[in-house]
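The values are calculated or read from the model by the stated rules, or taken from the named source; none is laboratory data. This one's a predicted model, so the numbers in the text were calculated from it and none came from an experiment. So basically every Cβ, Gly included, is an ideal-geometry build from the backbone, and we count neighbours across all protein chains shown.
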Amino acid sequence: MKICLVEDDLELGHSVQSLIQDGGHEVVWVRRITEARYWLEQSVFDAVVLDLGLPDGNGLDLLRSIRQQDKQMPLIVITARDGIEDRLHGLDSGADDYLVKPFAGPELLARLRAVARRSGLAQESDMQAWEVKDLKLDERRMVLTRGDTVINLSKTEFTILLTLLKLPDRVVTRRELEARALPNADSHALDVHMFNLRKKIGEGYVRTVRGVGFVVERK
């Protein structure tokens, strides 16, 4: 899994980062809410481990904003706030689990595995990359290649292409794409992102079905 760790304490952050990496997962560790927002916009994560007491704000605010954008993202709170009201507040705000500091490293890993199972990630972890023609998209690593060339996509471009590749030979409507990749954008945003996506991957992959949507064809 690819984990976003949000923890401002240097010693604990290093420890948790090493723990998760030793468990076989990829970790992006940030120490502020602004950094977390940036990475969550730019990359695709399988889970978030979130401290609540952060230098630039309350982690609960970040938790709520994540939940507004993604209802399924597994999210574990790690915090020194051990009161029952604090726990209830965290869970009611959208956390899948709540772990009070200090905690045992193996317990955090076990809870990550548990929330992954509940979200379906455990069943998807062995999923093959999505391939059409010479395009290959690794969903877990968020990497797109065309032949031997790596193509850098924004998170929105990645989501658009992933949606189309998962449904090859099927026309995906504009409304479907907007709901998945651009839920809060205006009606012209999809055209801008589609233009940029096609510019990066080249012609011959995404076909426009006028008045309906877009399709990626296997042949």
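Taking the stretch 69-93, which residues are of a type in the set (Lys, Arg), assigned to a loop (DSSP other than H, G, I, E, B) and in contact with a strand residue (DSSP E or B) (Cβ under 8 Å, 6 or more places away or on another chain)?
Once the filter is applied, which keeps residues that are of a type in the set (Lys, Arg), assigned to a loop (DSSP other than H, G, I, E, B) and in contact with a strand residue (DSSP E or B) (Cβ under 8 Å, 6 or more places away or on another chain), the stretch 69-93 yields only ARG81.
Scan the stretch 153-183 residue by residue and report those that are more than 18 Å from LYS71 (Cβ to Cβ) and of a type in the set (Asp, Glu).
GLU157, ASP169 - these are the residues of the stretch 153-183 that are more than 18 Å from LYS71 (Cβ to Cβ) and of a type in the set (Asp, Glu).
Quick check: is even one residue across the stretch 148-161 modelled with pLDDT of 90 or more, farther than 20 Å from TRP39 by Cβ and more than 20 Å from the chain's Cα centre (by Cα)?
Yes: the stretch 148-161 contains one or more residues that are modelled with pLDDT of 90 or more, farther than 20 Å from TRP39 by Cβ and more than 20 Å from the chain's Cα centre (by Cα).
Do we have GLU41 as over 18 Å from GLN72 (Cα atoms) and among the charged types (D, E, K, R) here?
So GLU41 does not fit the description; no.
Looking at the stretch 201-210, which of its residues are surrounded by 15 or more Cβ atoms within 10 Å (Cβ to Cβ) and either touching a helix residue (DSSP H, G or I) at 6+ places or on another chain (Cβ under 7 Å) or of a type outside the set (Ser, Thr, Tyr) (or both)?
ILE201, VAL206
I want to confirm something. Restricting to the stretch 77-93 and keeping residues that are out of contact with any helix residue (DSSP H, G or I) (no Cβ under 6 Å at 6 or more places or on another chain) and buried (at least 19 other Cβ atoms within 10 Å of the Cβ), which single residue is farthest from ASP9 (Cα to Cα)?
So the residue we want is GLY90.
Just checking: which of the strands (runs of 3 or more DSSP E) contained wholly in the stretch 94-188 hold 2 or more residues that are surrounded by fewer than 12 Cβ atoms within 10 Å (Cβ to Cβ)?
So the answer is 149-151.
Is it fair to say GLY59 is in the same structural domain as GLU107 (by TED's automatic domain parsing), small (Gly, Ala, Ser) and surrounded by fewer than 19 Cβ atoms within 10 Å (Cβ to Cβ)?
No: the conditions fail for GLY59.
Which pairs have Cβ atoms under 8 Å, sit 6 or more apart or on different chains, and link a residue in the stretch 12-27 that is closer than 11 Å to VAL49 by Cα and in contact (Cβ under 8 Å) with a residue 24 or more places away in the chain to one that is of a type in the set (Asp, Glu) and part of a loop (DSSP other than H, G, I, E, B)?
So the pair list comes out as VAL16/GLU7.
What pairs come out if I take residues in the stretch 40-61 that are assigned to a strand (DSSP E or B) and modelled with pLDDT of 90 or more and pair them with residues that are among the hydrophobic types (A, V, I, L, M, F, W, C) and surrounded by fewer than 13 Cβ atoms within 10 Å (Cβ to Cβ) whose C-beta lies under 8 Å away, six or more apart or interchain?
Taking only residues 6 or more apart or on different chains, the pairs are GLY53/ALA80.
Looking at ARG118 and the list (1) in contact with a strand residue (DSSP E or B) (Cβ under 7 Å, 6 or more places away or on another chain); (2) within 25 Å of GLY24 (Cα to Cα); (3) of a type outside the set (A, V, I, L, M, F, W, C), which single condition is not satisfied?
(1)
Tally up the residues in the stretch 162-193 that are over 20 Å from the mean Cα position of the chain (by Cα) and over 16 Å from LEU137 (Cα atoms), please.
Looking only at that region, the number is 13.
Would it be correct to say that ASP82 is of a type in the set (D, E, K, R) and farther than 22 Å from GLU139 by Cβ?
In short, yes.
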